[in-house]
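Comments concern the structure below.
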């Protein structure tokens, strides 16, 4: 196994790992540990090249720093990526990755993300104590998104009643599916899609809701668009297609560029910063790490996400700026104040 350090400005520790025996090719990025040890999931994805993988892990780890800050967790931000497809995922590869995690001596704590299941987490837990999420965090992510959607509806429409509201969900994996159940229970009308067409068809049949091709989801006429898949989906090609008033979903890094937030504002579409609304899973993993995994306590902390969302969109409206700019400023201020108190250098 070869582990090399990658020097990246404003990141505390970025390393790549190659293991010829198992085929592991991975990058772990620790962005900032001012508030605590770096906490962030591991994503397994067939990136086109290492450059794309590095770009993804850097953006995701920075997002985790801000996510922890906005969720009031004593945690920093980090992320791991494994460059592979599902057919290449073996027990030996996962064990090798767990050994790579151990090389950070407990400063990087990780768990599941896209491409990594709870079963995989259990496999890696046999090799490293620095992995969490043995219990499914997706239900808490979905709960935070659900409460925040209701808060956005109340803000925009005068009440949080979702009955007869049309909601388009992009991605019906664990989070998207649990969210769909909550929204249906509220009387919302759903339209779904997923790049896994078989999964989308099964969910559509089971829940008796419409299913459209992945490229059509952006142009569905709806009240709320809910991205629950991969990032970068809000861009110069997709934003002009949107026929909604609210974008609020669980996917990370939804904006391809910062300018896309301004484009949504120009089109009078309320965008909820992804790293704020999707913090429920992180909260549950953090509580597990702290030995406080109790449903009432976790749900109490998750319920505060919607309050934070309301504060952000209110301030953003007053400042006439995209909500992600407001959220970034709030998160960065928390980290700067903590860095000042510790006499640490500050950057984000």
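Bear in mind these aren't lab numbers, they're just calculated from the coordinates by the rules spelled out. These numbers were taken from a predicted model, which means no experiment stands behind them. Here the Cβ is made from the backbone with ideal geometry for all residues, glycine too, and neighbour counts use every protein chain on show.
A few remarks follow.
- Residue 154-residue 181 pseudo-label distance in nm [points 7 Å out on the Cα-to-Cβ vector]: 2.4 nm
- Cα gyration tensor, segment 1-154 - rounded (a/c under 1.5), prolate or oblate: prolate
- Relative to one another, the C-alpha centroids of segment 49-77 and segment 142-174 are positioned 25 Å apart.
- Rounded to whole Å, sorted largest first: equivalent-ellipsoid semi-axes of segment 241-314, Cα gyration tensor: 29, 13, 9
- Once divided by 2.2 N^0.38 Å, the Cα radius of gyration of segment 138-332 becomes 0.97.
- Springs join every pair of Cα atoms under 10 Å in this Gaussian network model of the chain, and among 37, 206, 243 the largest mean-square fluctuation is at 206.
- Estimated at 0.36 nm per residue, the fully extended path between residue 52 and residue 304 surpasses their Cα-Cα distance by 87.3 nm.
- Taking the convex hull of Cα positions in segment 75-187, its mean projected area over all directions (nm²): 8.8 nm²
- Label zone at residue 103 (point 7 Å along Cα-to-Cβ), backbone N below 17 Å, segment 31-47: 31, 42-43
- Over the chain, relative contact order from alpha-carbon pairs under 8 Å, at least 6 apart, %: 15 percent
- Average projection, convex hull of the Cα set of segment 208-262: 4.0 square nanometres.
- Fully extending the segment from residue 10 to residue 91 would add 25.8 nm, taking 0.36 nm per residue of separation and subtracting the current Cα-Cα distance.
- Considering only 309, 212, 276, the Gaussian network model of the chain with Cα springs below 10 Å gives its largest mean-square fluctuation to 212.
- GNM result for the chain, Cα springs below 10 Å: residue of 171, 291, 23 fluctuating most strongly: 291
- Pairwise centroid distance, computed over Cα atoms, of segment 202-231 with segment 243-318, Å: 20 Å
- The sum of -39500 (n - 2.57) across all DSSP H runs of n ≥ 4, divided by the residue count of the chain, sets its helix-only mean residue ellipticity at 222 nm to -14000 deg cm²/dmol.
- Distance cut-off 35 Å, percentage of C-alpha pairs in the chain lying past it: 19 percent
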